[in-house]
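Presented below is the structure to which this report refers.
The values are calculated or read from the model by the stated rules, or taken from the named source; none is laboratory data. Just so it is clear, the structure is predicted and the values come from calculations on it, not from any experiment. Note that we place each Cβ from the backbone using ideal geometry, even for glycine, and neighbour counts take in every protein chain shown.
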Amino acid sequence: MERLSEQIIQQAAALSEGTPLAAKGLLHLGSRAAVDQALSRLTERGQLIRAGRGVYLRPVQTRFGPRSPSIEQAVEALAQQRGEVIVPNGAAAANALGLTTQVPVRSVYLTSGRSRTLTMGKQSVELRHAPKWQLSLAGKTAGQAVRALAWLGPEQAESALRTLKAKLPNAVLMELVMAAPQFPTWLARTVGKVAHG
């Protein structure tokens, strides 16, 4: 059993910071029961952090002792590993774009996968399933704008978009215009009105 634990730790050590280790990805080392038992033992010893069901992370060693990997890196790695689109939620996007001074207290991300909560040390990260249009333009400023406007809602979207139009390059507004057909009617109308107004 210790041999299996050593093999798992070697595999975890080869991964970059924040890359999740999935129990299913270790089945070539032993049976599911043996792998689960070894992962449980490694978690108890503090050599791995259980982030969620079947998902483990290697703690980062610092001169002050071990710490959890950064949430951003872990979420990005999870998205690549699972083939999901995972993006910061509308409140975080609105804050990043300067549309609100409120800083989100909880880490909430929108995902194309199922809703779930990951635990990273003492922090929990909520992954919420979101409609496809809210995940559009992932990794782009225009995508942040979509999520921020969705979070602000129909009442505040137009004035917020006018603020963004003054701040952001014209190319970002054009990306929004091109993606508008997939948005809900209220948002598509707002984008068209501000872009052509």
Conditions first: (1) over 25 Å from residue 132 (Cα atoms); (2) touching a Gly at 6+ places or on another chain (Cβ under 8 Å); (3) crowded, with 20+ Cβ neighbours inside 10 Å; (4) not β-branched (Val, Ile, Thr). Residue 74 passes all but one, so which condition is the exception?
(1)
Can you tell me which of (1) surrounded by 14 or more Cβ atoms within 10 Å (Cβ to Cβ); (2) without any contact (Cβ under 8 Å) to a residue 60 or more places away in the chain; (3) of a type in the set (S, T, N, Q) is the one residue 81 doesn't meet?
(2)
Mind listing just one residue for me: the one in the range 1-19 that is of a type in the set (A, V, I, L, M, F, W, C) and farther than 22 Å from residue 68 by Cα and, of those, surrounded by the fewest Cβ atoms within 10 Å (Cβ to Cβ)?
1
Based on this model, can you work out whether residue 93 counts as surrounded by 13 or more Cβ atoms within 10 Å (Cβ to Cβ), at pLDDT 90 or above and in a helix (DSSP H, G or I)?
yes
Checking residue 40 against (1) modelled with pLDDT under 85; (2) among the small types (Gly, Ala, Ser); (3) surrounded by fewer than 18 Cβ atoms within 10 Å (Cβ to Cβ): exactly one of these is not met. Which one?
(1)
Whether any residue in the range 20-28 is surrounded by fewer than 20 Cβ atoms within 10 Å (Cβ to Cβ), more than 24 Å from the chain's Cα centre (by Cα) and part of a loop (DSSP other than H, G, I, E, B) is what I want to check.
yes
Considering residues that are under 27 Å from the mean Cα position of the chain (by Cα), assigned to a helix (DSSP H, G or I) and either surrounded by 13 or more Cβ atoms within 10 Å (Cβ to Cβ) or not assigned by TED's automatic domain parsing to the domain that holds residue 145 (or both), the number found within the range 175-189 is 9
Could you pull out the residue among 172, 125 that is surrounded by 18 or more Cβ atoms within 10 Å (Cβ to Cβ) and part of a helix (DSSP H, G or I)?
172
Flag if residue 149 is assigned by TED's automatic domain parsing to the domain that holds residue 101 and modelled with pLDDT under 95
no
Subset of the range 102-122 that is in a loop (DSSP other than H, G, I, E, B) and either among the hydrophobic types (A, V, I, L, M, F, W, C) or surrounded by 14 or more Cβ atoms within 10 Å (Cβ to Cβ) (or both) - its residue that is modelled with the lowest pLDDT:
121
